[in-house]
Amino acid sequence: MGSNSSGFTVAVVGATGAVGRAMLKTLEERNFPADEVLAFASSRSAGNRIPFGDGELNVRELTRDSFRGVNLALFAAGGDRALEFAPLAVAAGCVVVDNSSAWRMDVRCPLVVPEVNAGALREHQGIIANPNCSTIQMVVALKPLHDAASIVRVVVSTYQAVSGTGQKAVEELEMQVRHMFNMQEPEAKVYPHRIAFNCLPHIDVFLPSGYTKEEMKMTMETVKIMGDPSIKVTATTVRVPVFYGHSEAVNIETRKKISAREARAVLSQAPGVRVLDNPDMKIYPMPVMAAGHGEVFVGRIREDESIENGLNLWVVADNLLKGAALNAVQIAERLLEEDLIRVRNLGAFKA
């Protein structure tokens, strides 16, 4: 994709991080119709070159003037950068899809999973929020069941890979395993405790309620995405020593009875879902099979025998793809398809 001042220009902000690189790879693999793709990062990374297509992109320093002539920006640069630079992008006439938590609960910003609530994109004012990785995969599985039987309550426990924290966490897990195999004491820098051969019931910061911020993200984001404030959600989020792929044990209670067999049939037809559910043949979703794939894998579908209308599900997805980069690119594709890459109100996000 070469430079074309009159063509369609896409920028990836935070291009050198794990999610930013995954966004670039996803744009390439899905043949996203951009005439020019730009890579932005901090001044520390400026001047580096990263692979894209048949060549490389030169990483540019992110500045207040970076968005002149840019039509669409995919942000993977963290909340502080998103709060500072996304409004500047919108003011320049650029539509932003932001992967951080900065804008998710802002009433001006649709929080979108295309398989679930793509219609919300029609109301955007310049910034669209990409949901939390663990929320995305859960609602892809929940939406068809909600349509079929009306979910009233969700209890979810997550088993989240270290790549959700970033590349330094991936390196820390690898280093700790090597140290332990060599009878050395592992050092914990990224996490408060050793992650190798361990599980940490601690993702993001603890709140006065005793829940973590990650757990409350899942609760609030699910309600916003599903568009139904009557759905009650409670979550326990756990970091596990897996490199890529989040897993979730999801228990749902529904208004109408839906059998496990009916749920399998519904999910088998659902967009973005792949059912792997044959315990007799030891077939069920695992993070090692989800890594590198864009679907949400669902298995262990069974009725909850402790309540009248309940189901248990096991939901697995690649947290860097469907949980981040792929969902953002799918949003961008829908914006293009529906001719929504334009900012209606340039002053919507003025301070």
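Miscellaneous remarks
- Accessible surface of the chain [probe 1.4 Å, protein heavy atoms]: carbon and sulfur percent: 49 percent
- Ignoring lysines fewer than eight residues from Lys256 along the same chain, the ones with Cα atoms less than 19 angstrom from its Cα are Lys143, Lys232.
- From the alpha carbon centroid of the stretch 222-247 to that of the stretch 4-43 is 28 Å.
- With Cα atoms defining each centre, the stretch 135-154 and the stretch 44-68 are spaced 39 Å apart in the structure.
- Checking every one of the chymotrypsin sites (Phe, Trp or Tyr not before Pro) in the stretch 128-236 against DSSP loop status and a limit of 14 other Cβ atoms within 10 Å picks out Phe197.
- Along the chain, longest interval not containing exposed GluC sites (Glu not before Pro), exposed being DSSP loop plus at most 15 other Cβ atoms within 10 Å: 1-186
- Accessible area in square angstrom per residue, the chain, 1.4 angstrom probe: 46 Å²
- When each of Lys213/Lys322; Lys25/Lys350; Lys189/Lys350; Lys25/Lys217; Lys217/Lys350 is checked by Cα-Cα distance, pairs over 29 Å: Lys25/Lys350; Lys189/Lys350
- In loop segments of the stretch 101-206 as defined by DSSP, the trypsin sites (Lys or Arg not before Pro) with at most 11 further C-beta atoms inside 10 Å of their C-beta are Lys189.
- Annotation for the stretch 7-74: trypsin sites (Lys or Arg not before Pro) lying in DSSP loop with at most 16 further Cβ atoms inside 10 Å of their Cβ are Arg30, Arg44, Arg64, Arg68.
- Check: the chain dipole with +1 on Lys, Arg Cβ and -1 on Asp, Glu Cβ, in debye: 400 debye
- Three-way shape label, the stretch 28-133, alpha-carbon gyration tensor, a/c 1.5: prolate
The values are calculated or read from the model by the stated rules, or taken from the named source; none is laboratory data. Bear in mind that the values here come from a model prediction, so they are computed numbers and not experimental data. So basically every Cβ, Gly included, is an ideal-geometry build from the backbone, and we count neighbours across all protein chains shown. Just so you know, the surface numbers come from the protein's heavy atoms only, side chains and all, with ligands and any DNA or RNA stripped out. Shrake-Rupley method; radii C 1.70, N 1.55, O 1.52, S 1.80 Å.
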